[in-house]
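Here is the structure we will look at.
The values are calculated or read from the model by the stated rules, or taken from the named source; none is laboratory data. The structure presented is a predicted model; accordingly, all values stated were derived computationally and were not measured. All Cβ positions, even for glycine, are placed from backbone atoms using ideal geometry, and neighbour counts span all protein chains on display.
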Ligand code: HOZ
């Protein structure tokens, strides 16, 4: 086993002053029974912990790192932006450029608002949907995760699953009574909710590829069905593209699947490694947002100049070289195929673009229930093997594996070899 002394020492200090010793639950490694690695630095596809262990990174900061860590062009822009000032609480040119670029690359984003996290983006998009439709109820899917705002922390995925709290304590029932829950990839469950509440549903919010109960792609026409049924009932369709945005394609999942939502939310990649989120969509809907309209939402660090510098630079790199998406798909599919070959039907490998999950179950994983058949103890053992052999994957069965443009053929070959040893 690699040296972990310094990580252990930091963790001992951390648990005294931080809940679980961390600032976001999945980082605590509770689901895999190991000590979290404290990170010193990262470059390209490699991450190095405080004990000097260099690992091939497939967490990629949970998605932002599509170019790998510390891309020199992005870092240069960030440094230059720092010299100009860290935050002004006033409009800047880069915010306008960002909104223009979003509209260019994702045509449904006619008008957008920048915020500081994906959680803020989804919470605000829901508020706009409610303000626009003058309806209160929303539909979300079991196992999908849209950040940690009260109304969305219902049957939620991500670390809420790992820590067995898909419904969080501290959220009054009154706050979630308007959150209706349907089953991902199950049209009937959505139909039933609309039939029971024909004029009350403001919006459906969905991860177009569920990636917080592990990666679960939508069945053939599921997203098209959501588009149709929302239109039919006068509700809005919100794509939560915090993970899929600029990852599945330059235009996100909406380009990949050819479905145009009314509103979308972004985070992760659009911040290029800095804290950013965005929500936006149809102009008539977005004009509801204050100060144009009556839906209030604000933020001191919204559109922060450093974050927009990192985000713009990242999006421009992606725009200049869209072949990156083919490369990502090829590399990720290579890993997925190798695991399928080595593990046979002991596992279910879901892969789409540069997102992937290995579910430790013999069942096909298409929804929350099938995801829950995964053997989390088996995942924990696999995680330990990967970690001990220099491969850094998510410390949870229910998070995605992210591949970046910085992963080299050598990285992929080594990763496959370590995986094959295990299976
Ligand atoms: N919610 C993130 C995974 N889907 C985890 C964020 C973090 O721990 O950094």
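Return the total of residues in segment 395-413 being surrounded by 16 or more Cβ atoms within 10 Å (Cβ to Cβ) and either in contact with a helix residue (DSSP H, G or I) (Cβ under 7 Å, 6 or more places away or on another chain) or more than 24 Å from residue 30 (Cα to Cα) (or both). Reasoning before the result, please.
We begin by selecting, within segment 395-413, every residue surrounded by 16 or more Cβ atoms within 10 Å (Cβ to Cβ); these are 395-407, 411-412.
Subsequent filtering for residues that are either in contact with a helix residue (DSSP H, G or I) (Cβ under 7 Å, 6 or more places away or on another chain) or more than 24 Å from residue 30 (Cα to Cα) (or both) retains 395-399, 402-407, 411-412.
Total meeting the criteria: 13.
All but one of (1) within 16 Å of the ligand (Cβ to nearest atom); (2) over 23 Å from residue 278 (Cβ atoms); (3) not in a strand (DSSP E or B) hold for residue 61, so report the exception by its number.
(2)
Quick check on my filter: what residues within segment 90-115 are assigned to a loop (DSSP other than H, G, I, E, B) and either touching a strand residue (DSSP E or B) at 6+ places or on another chain (Cβ under 8 Å) or in contact (Cβ under 8 Å) with a residue 24 or more places away in the chain (or both)? Steps first, answer last, please.
Of the residues in segment 90-115, the ones assigned to a loop (DSSP other than H, G, I, E, B) are 90-92, 106-110.
Listed by number, the residues that qualify are 91, 92, 106, 107, 108, 109, 110.
Looking at (1) buried (at least 18 other Cβ atoms within 10 Å of the Cβ); (2) in contact with a helix residue (DSSP H, G or I) (Cβ under 9 Å, 6 or more places away or on another chain); (3) within 28 Å of residue 347 (Cβ to Cβ); (4) modelled with pLDDT of 95 or more, can you tell me which one residue 187 breaks?
Checking residue 187 against (1) buried (at least 18 other Cβ atoms within 10 Å of the Cβ); (2) in contact with a helix residue (DSSP H, G or I) (Cβ under 9 Å, 6 or more places away or on another chain); (3) within 28 Å of residue 347 (Cβ to Cβ); (4) modelled with pLDDT of 95 or more, the one that fails is (1).
Please pick out the residue among 400, 394, 406, 371 that is touching a strand residue (DSSP E or B) at 6+ places or on another chain (Cβ under 7 Å), more than 16 Å from the ligand (Cβ to nearest atom) and in contact (Cβ under 8 Å) with a residue 60 or more places away in the chain.
Numbers: 400 fails: more than 16 Å from the ligand (Cβ to nearest atom); 394 fails: more than 16 Å from the ligand (Cβ to nearest atom); 371 fails: more than 16 Å from the ligand (Cβ to nearest atom).
Of the residues listed, the single one that is touching a strand residue (DSSP E or B) at 6+ places or on another chain (Cβ under 7 Å), more than 16 Å from the ligand (Cβ to nearest atom) and in contact (Cβ under 8 Å) with a residue 60 or more places away in the chain is 406.
Would you mind finding the one in 170, 147, 118, 143 that is touching a residue at least 12 places away in the same chain (Cβ under 8 Å) and surrounded by fewer than 22 Cβ atoms within 10 Å (Cβ to Cβ)? Spell out the reasoning first.
Details: 170 fails: touching a residue at least 12 places away in the same chain (Cβ under 8 Å); 118 fails: surrounded by fewer than 22 Cβ atoms within 10 Å (Cβ to Cβ); 143 fails: surrounded by fewer than 22 Cβ atoms within 10 Å (Cβ to Cβ).
When all the criteria are applied, what remains is 147.
Go through segment 359-383 and give me each residue that's in contact with a helix residue (DSSP H, G or I) (Cβ under 6 Å, 6 or more places away or on another chain) and crowded, with 22+ Cβ neighbours inside 10 Å. Spell out the reasoning first.
Of all residues in segment 359-383, those in contact with a helix residue (DSSP H, G or I) (Cβ under 6 Å, 6 or more places away or on another chain) come to 360, 362-363, 365, 382.
Result: 365, single match.
So, in segment 36-58, of the ones that are assigned to a loop (DSSP other than H, G, I, E, B) and more than 16 Å from the ligand (Cβ to nearest atom), which residue ends up surrounded by the most Cβ atoms within 10 Å (Cβ to Cβ)? Reasoning before the result, please.
Pass one, segment 36-58, residues assigned to a loop (DSSP other than H, G, I, E, B): 36-38, 45, 50-53, 58.
Now narrow it down to the ones that are more than 16 Å from the ligand (Cβ to nearest atom): 45, 50-53.
Details: 45: 25, 50: 18, 51: 17, 52: 10, 53: 19.
Among them, the one singled out is 45.
Does segment 124-156 hold any residues that are within 16 Å of the ligand (Cβ to nearest atom) and assigned to a helix (DSSP H, G or I), and which are they?
The one that is within 16 Å of the ligand (Cβ to nearest atom) and assigned to a helix (DSSP H, G or I): 152.
Confirm whether residue 249 is more than 16 Å from the ligand (Cβ to nearest atom) and free of Cβ contacts under 8 Å to residues at least 60 places away in the same chain. Don't jump to the end; show me each part of the working.
Values: more than 16 Å from the ligand (Cβ to nearest atom): yes; free of Cβ contacts under 8 Å to residues at least 60 places away in the same chain: no.
No; evaluated as a whole, the condition is false for this residue.
Exactly one of these conditions fails for residue 242: (1) part of a strand (DSSP E or B); (2) touching a helix residue (DSSP H, G or I) at 6+ places or on another chain (Cβ under 6 Å). Give me its number.
(1)
Just to verify a result, which residue in segment 157-166, among those that are crowded, with 23+ Cβ neighbours inside 10 Å and in a loop (DSSP other than H, G, I, E, B), is modelled with the highest pLDDT?
Out of the qualifying residues, it is 157.
Would you call residue 74 under 22 Å from the mean Cα position of the chain (by Cα), under 19 Å from residue 263 (Cβ atoms), away from the ligand (no atom under 16 Å from the Cβ) and modelled with pLDDT of 95 or more? Write out each step before concluding.
On the way: under 22 Å from the mean Cα position of the chain (by Cα): yes; under 19 Å from residue 263 (Cβ atoms): no; away from the ligand (no atom under 16 Å from the Cβ): yes; modelled with pLDDT of 95 or more: yes.
Against the criterion (under 22 Å from the mean Cα position of the chain (by Cα), under 19 Å from residue 263 (Cβ atoms), away from the ligand (no atom under 16 Å from the Cβ) and modelled with pLDDT of 95 or more), residue 74 does not qualify.
Restricting to segment 4-35, give me the number of residues that are assigned to a loop (DSSP other than H, G, I, E, B) and either away from the ligand (no atom under 16 Å from the Cβ) or surrounded by 15 or more Cβ atoms within 10 Å (Cβ to Cβ) (or both).
First pass over segment 4-35, keeping only residues assigned to a loop (DSSP other than H, G, I, E, B): 4, 18, 22-24, 29-35.
Then drop every residue that is not either away from the ligand (no atom under 16 Å from the Cβ) or surrounded by 15 or more Cβ atoms within 10 Å (Cβ to Cβ) (or both), which leaves 4, 22, 29-35.
Summing the residues that are assigned to a loop (DSSP other than H, G, I, E, B) and either away from the ligand (no atom under 16 Å from the Cβ) or surrounded by 15 or more Cβ atoms within 10 Å (Cβ to Cβ) (or both) in segment 4-35 gives 9.
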